[in-house]
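A.B. asks: Sharing a structure here in structure tokens format.
The values are calculated or read from the model by the stated rules, or taken from the named source; none is laboratory data. Please read these numbers as outputs of a predicted model, since none were measured by experiment. Don't worry about glycine lacking a Cβ; one is built from the backbone with ideal geometry, like all the others, and counts go over all protein chains shown. Just the protein is used for accessible areas: all its heavy atoms, side chains included, with ligands, DNA and RNA removed. Shrake-Rupley method; radii C 1.70, N 1.55, O 1.52, S 1.80 Å.
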Protein chains: 2
Amino acid sequence: MSLSAALPLPPAPRADAAIPHSFTAERGVLDATLAMRHAGIRRLRIAWELQGSADGAVVIVQGGISANRHVASSARFGEAGWWEAQCGSGRAIDTRRHRVLAIDWVGADGCLDACIDPADQADAIAAVIDHLGIARAAAFIGASYGAMVGLQFASRHGAHLEHLVAISGAHRSHPQVTALRVVQRRIVALGRSEGGVREALALARSLAVIGYRSEAEFEQRFGTAPQVGPDAARFAVEDYFDAIGPRFVARFSPVAYLRLSESIDLQSVAPESIRVPTDLVAVAEDRIVPLADLYTLAEGIRARTQLHRISSLYGHDAFLKEEAQISALLETALCRSLTA
Amino acid sequence: MSLSAALPLPPAPRADAAIPHSFTAERGVLDATLAMRHAGIRRLRIAWELQGSADGAVVIVQGGISANRHVASSARFGEAGWWEAQCGSGRAIDTRRHRVLAIDWVGADGCLDACIDPADQADAIAAVIDHLGIARAAAFIGASYGAMVGLQFASRHGAHLEHLVAISGAHRSHPQVTALRVVQRRIVALGRSEGGVREALALARSLAVIGYRSEAEFEQRFGTAPQVGPDAARFAVEDYFDAIGPRFVARFSPVAYLRLSESIDLQSVAPESIRVPTDLVAVAEDRIVPLADLYTLAEGIRARTQLHRISSLYGHDAFLKEEAQISALLETALCRSLTA
């Protein structure tokens, strides 16, 4: 393992070149039979999207539990993706040079009410690359839950991967953070049994996001005095909760939330089982993924491993918000994976 | 402000001497009219207990929101108190030398459904000492919420206090911790509107206790692998949740919990308004009270102030669990207050 605090390479110039002739974007659904880690053999529909240079190196890109197969917009699929800042023509994950593959998480459609292991997600991705005739991916770039799945993929399907980039995700969940997620799931269960499921899901989401940002950001955004009347007090953070909760409820089913949240807590990879060159990105202020766990992971991996430690007010959400820092890291990592 | 990492004095020898002739223990209820900070003028019943040497110096002792006026057992009131380890004959708060006064928190009976400020609790204690003809207390020893109220008492009734000892409580609540408590209260509100209030209160308590202990303790106690079946996973921490939740529900009403939890978040004392000699105790691993807030507080107080920083696996709960460390701190502090 080696450590680096900052990265030497400047971002590549962002040329707004015309889309190359070879650019393609396609979506599909694979009907696959998966031997799941805990839930037996299941018939699953795995939705995928592939976009970029038709002869480019394949890069698998996966995000948090609320991310999906649409990483970035393209001429064919024009709606904004969840990682526009990092993926596209001239971006760090450059669709002029790479073919970007991503799936919707198994369970995200709310149709599978069973224990879903992060290993199952890795197997689903392996089934898709096999189906598409891709022998080997140049890189797997995963953030948050996607990083956990990337570690599973490297462990279980290392022969099909040249390079792993895992941002803010580890080989296990910390027990104290698991405890917080258990409460989130119990909130939803409380609402389910009582008919208040939308309100409950919004509340569970509010609890989740507290951990996604740093103490310092809460101080800056919500440090103002509450409004207090005789019978009720309202705290600054409540406006935030009331904004994000309903947005989340609109796009997430309770079953999907329960099973993907649980899946995070089922994460278990032996670091020694990973023999793929790896870049790990740790955010010092991350309250969800303790730095100590990423050191343990980095020390265990049996291949060249570099742990990049960055600092961000956004804590666990840095991969979405620290555009310049993350872009520089990705460009260096991809540059290395293509020249390895 | 001065800082000390450890304390010089050894614990005093614990003589199991006979109860002195002058020992008394009594309880009472004061009907008082209080001008509350947010809720207007209210008629309140304030329950108090006073025990110890009849001619001893008065020491006010207050704990967390679930503590009460019964700090320790006596011949007259034999049931165990919430701080037996620190209070009694031969203990750090020695009832052979001191008279220990404590109240049930205003709102603890669940009869007052209004915003209760920690300042109101300080005023209630001031009303009790006035009623009892106590001109001046030798010390106010407060832990957790009791420390917040102690700071209020020192700020508002400093003429009646010689010395403050505030353990694991600050002049304000940190906005990120307030956010966690807002979620706890919303869980209870969800349960109330849905009819599942006991389950909701147990769940809110589970969320609260996650913050009371350190990351390292969770690792030690709940770091074992979950039991996973096809449809359900059970994590080690769930046994703990299922044990503590019902215990809490048995002795706390939803209204009392909502109003005392809210009260913690209403805490607001200007450190500069405190002109009473003060010992602050900070626990490095406390996730509820950031160390930085206690430094700010210590720097602002306009009297001799000493900040004692201790380390404990038990985080915020150290005042209940670190018997030797806390005992040594209290003995030194009380020794100083009696000889000042």
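A.B. asks: Being open to solvent by 60 Å² or more (accessible area, probe 1.4 Å) and either among the hydroxyl-bearing types (S, T, Y) or under 25 Å from A:V197 (Cβ atoms) (or both) is true for just one of A:R251, A:R259. Which residue is that?
C.D. replies: A:R251
A.B. asks: Regarding A:Y314, is this residue at pLDDT below 95 and not assigned by TED's automatic domain parsing to the domain that holds A:G196?
C.D. replies: yes
A.B. asks: Additional query: Any residue in segment A:112-133 that is under 17 Å from A:S173 (Cα atoms) sitting within a Cβ distance under 8 Å of a residue that is open to solvent by 10 Å² or more (accessible area, probe 1.4 Å) and among the acidic types (D, E)? List the pairs, counting only those 6 or more apart or interchain.
C.D. replies: A:C115/A:E262; A:C115/B:D231; A:I116/A:E262
A.B. asks: Could you say whether any residue in segment B:147-165 is under 30 Å from A:G245 (Cα atoms), in contact with a Ser or Thr (Cβ under 6 Å, 6 or more places away or on another chain), surrounded by 24 or more Cβ atoms within 10 Å (Cβ to Cβ) and modelled with pLDDT of 95 or more?
C.D. replies: No, every residue in segment B:147-165 fails to be under 30 Å from A:G245 (Cα atoms), in contact with a Ser or Thr (Cβ under 6 Å, 6 or more places away or on another chain), surrounded by 24 or more Cβ atoms within 10 Å (Cβ to Cβ) and modelled with pLDDT of 95 or more.
A.B. asks: Residues being closer than 30 Å to A:A114 by Cα and either without any contact (Cβ under 8 Å) to a residue 24 or more places away in the chain or not in a helix (DSSP H, G or I) (or both): count how many of those fall in segment B:243-276.
C.D. replies: Number satisfying all stated conditions: 1.
A.B. asks: Just for segment A:36-83: of the residues that are within 14 Å of chain B (Cβ to nearest Cβ) and in contact with a helix residue (DSSP H, G or I) (Cβ under 6 Å, 6 or more places away or on another chain), which one is surrounded by the most Cβ atoms within 10 Å (Cβ to Cβ)?
C.D. replies: Filtering segment A:36-83 for residues that are within 14 Å of chain B (Cβ to nearest Cβ) and in contact with a helix residue (DSSP H, G or I) (Cβ under 6 Å, 6 or more places away or on another chain), the one surrounded by the most Cβ atoms within 10 Å (Cβ to Cβ) comes out as A:M36.
A.B. asks: Continuing with this model, one more query. Only one residue in A:S155, A:S168 is more than 10 Å from chain B (Cβ to nearest Cβ) and at positive phi. Which one?
C.D. replies: From the options A:S155, A:S168, the qualifying one is A:S168.
A.B. asks: With respect to B:A204, determine if the residue is assigned to a helix (DSSP H, G or I) and closer than 21 Å to B:A67 by Cβ.
C.D. replies: It is true that B:A204 is assigned to a helix (DSSP H, G or I) and closer than 21 Å to B:A67 by Cβ.
A.B. asks: Tally time: how many residues in segment B:177-218 are more than 24 Å from A:L260 (Cα to Cα), within 26 Å of the chain's Cα centre (by Cα) and within 7 Å of chain A (Cβ to nearest Cβ)?
C.D. replies: Number of matching residues: 2.
A.B. asks: Out of all the residues in segment A:212-221, is one or more of a type in the set (A, V, I, L, M) and within 21 Å of B:V188 (Cβ to Cβ)?
C.D. replies: no
A.B. asks: Considering only residues that are in a strand (DSSP E or B) and at the interface with another protein chain (Cβ under 7 Å from one of its Cβ atoms), which ones fall in segment B:219-241?
C.D. replies: Residues satisfying the conditions are B:V228, B:A233.
A.B. asks: Answer yes if at least one residue in segment A:22-29 is within 24 Å of A:V128 (Cβ to Cβ), touching a Leu at 6+ places or on another chain (Cβ under 6 Å), at pLDDT 60 or above and open to solvent by less than 30 Å² (accessible area, probe 1.4 Å), and no otherwise.
C.D. replies: No, every residue in segment A:22-29 fails to be within 24 Å of A:V128 (Cβ to Cβ), touching a Leu at 6+ places or on another chain (Cβ under 6 Å), at pLDDT 60 or above and open to solvent by less than 30 Å² (accessible area, probe 1.4 Å).
A.B. asks: If A:L330 meets every condition in (1) under 19 Å from A:Q86 (Cα atoms); (2) open to solvent by 20 Å² or more (accessible area, probe 1.4 Å) apart from one, which number is that one?
C.D. replies: (2)
A.B. asks: Could you list all residues from segment B:275-299 that are open to solvent by less than 10 Å² (accessible area, probe 1.4 Å) and small (G, A, S)?
C.D. replies: B:A282, B:A298
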